[in-house]
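The values are calculated or read from the model by the stated rules, or taken from the named source; none is laboratory data. Predicted model only: the values in this text are computed from it and were never measured. Please note: Cβ atoms are built from the backbone with ideal geometry, for glycine as well, and neighbour counts cover all protein chains shown.
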Amino acid sequence: MKTMSFQASLAAALTLAAAWLASPVSAQTQSPPVATPVQSTTQPSAAGPAPAATAPAAPAPVAPAPAVSTAPAVAGAAPVAANPASAKPDAATAIVPAMKELSPWVMFMSADVIVKAVMIGLAFASLMTWTVFIAKSIELSVASAKLRSALKKIAEARSLAEAQMALGSKEGILPSFLAAALREARMSAGLSSDAGIKERAASSFSEIVRAEQRRIRIGMGVLATIGSTSPFVGLFGTVWGIMNSFIGISKSQTTNLAVVAPGIAEALLATAIGLVAAIPAVIIYNHFSRVTKGYLELVSRASGAAGRLLSRDLDRSHGSVHSRAAE
């Protein structure tokens, strides 16, 4: 009997121990929501068993799980955010090949019709400037050389007839002076007033000098016009081109240099061509002004030489008359 009662009590103890051990496992497997442990912690129940109070401690590791799961999501989002930044250089490199070459010829061909007309006009003006420079340089050098040579030839002449014989049948400013003096002396033959003859001859010389001044200054007005107006013509082309550039900017609704730069460069090219035409024209005009002044001084010397020869002839003719009268 004692043995049976001991076995019965041992079986009962084992049953209670198994029930006590099984109660926490059932609490973990039943309902793991987070709200229920919070309510159980904020409003503890006095009647609840001790194992039930410790049961919410098991779901606690469940809460950090979302944080661990969100960390990869944030890390994965970083490359996505970095993609637009890496896409910008690609877009810039894609635009660079699309930009056209800004050479002077390409800018001229891409310019507006009015800007093209301005550039062509300025290029023609520059061509005229250099043409006048070459032509006037040859003309002034040849005329100055001929006049100096003629003055040397008549330096030893004692009369108008000897001077004409020394020069021969050559044409030039000095033969014109000699011919005018001889013509006036012939037309005034029989007149006793030498002063009147010299005055009339001087008037003829003045007309010849003025005609020579007009002839030698041919082309100087073209240089003056080009030098004074070319910058403003180029500025007109620039203003027109920039106006068209701003119109293009408003249509494209962008301020990207790839869109703005070509039009502005084409406009500035007109100003550059205007300066290329104007600056040489001004320099050449000033150069020819000095050279022309030197040539006109030679013309004045030729006029004086012809006047002196005429005066000698008049004095010589009056001397012969007086000697005949004395005889």
Condition check for Ile273: touching a Leu at 6+ places or on another chain (Cβ under 7 Å) and either over 16 Å from Gln213 (Cα atoms) or buried (at least 21 other Cβ atoms within 10 Å of the Cβ) (or both) = yes
ask   = Residues in the range 150-157: is at least one surrounded by 19 or more Cβ atoms within 10 Å (Cβ to Cβ), within 16 Å of Gly304 (Cβ to Cβ) and of a type outside the set (A, V, I, L, M, F, W, C)?
value = no
remark   = Scanning the range 201-226 residue by residue, the ones that are surrounded by 16 or more Cβ atoms within 10 Å (Cβ to Cβ) and either among the charged types (D, E, K, R) or within 40 Å of the chain's Cα centre (by Cα) (or both) total 7
key: Pair list, Cβ under 7 Å, 6 or more apart: the range 296-310 residue under 16 Å from Ala166 (Cβ atoms), other residue not in a helix (DSSP H, G or I)   = Ala305/Ile154; Leu309/Ala157; Leu309/Ser159
inquiry  = Tell me whether the range 245-264 contains one or more residues that are modelled with pLDDT of 85 or more and either surrounded by fewer than 16 Cβ atoms within 10 Å (Cβ to Cβ) or touching a Gly at 6+ places or on another chain (Cβ under 7 Å) (or both).
reply    = no
request  = Determine whether the range 151-163 contains at least one residue that is of a type in the set (Ser, Thr, Tyr), touching a helix residue (DSSP H, G or I) at 6+ places or on another chain (Cβ under 6 Å), assigned to a helix (DSSP H, G or I) and in contact (Cβ under 8 Å) with a residue 40 or more places away in the chain.
outcome  = no
key: Pair list, Cβ under 6 Å, 6 or more apart: the range 198-219 residue touching a residue at least 40 places away in the same chain (Cβ under 8 Å), other residue aliphatic (A, V, I, L, M)   = Ala201/Ala181; Ala201/Leu310; Val209/Val299; Glu212/Ile173; Glu212/Val299; Gly219/Val132
task = Check Ala179, Ala166, Ala135 and return the single one that is part of a helix (DSSP H, G or I), surrounded by 15 or more Cβ atoms within 10 Å (Cβ to Cβ) and modelled with pLDDT of 90 or more.
result = Ala179
message = Looking at the range 182-215 only, could you name the residues that are at pLDDT 85 or above, more than 19 Å from Val299 (Cα to Cα) and acidic (Asp, Glu)?
response = Glu184
ask   = Which condition number does Val115 fail, the rest of (1) in a helix (DSSP H, G or I); (2) out of contact with any helix residue (DSSP H, G or I) (no Cβ under 6 Å at 6 or more places or on another chain); (3) not charged (D, E, K, R) being met?
value = (2)
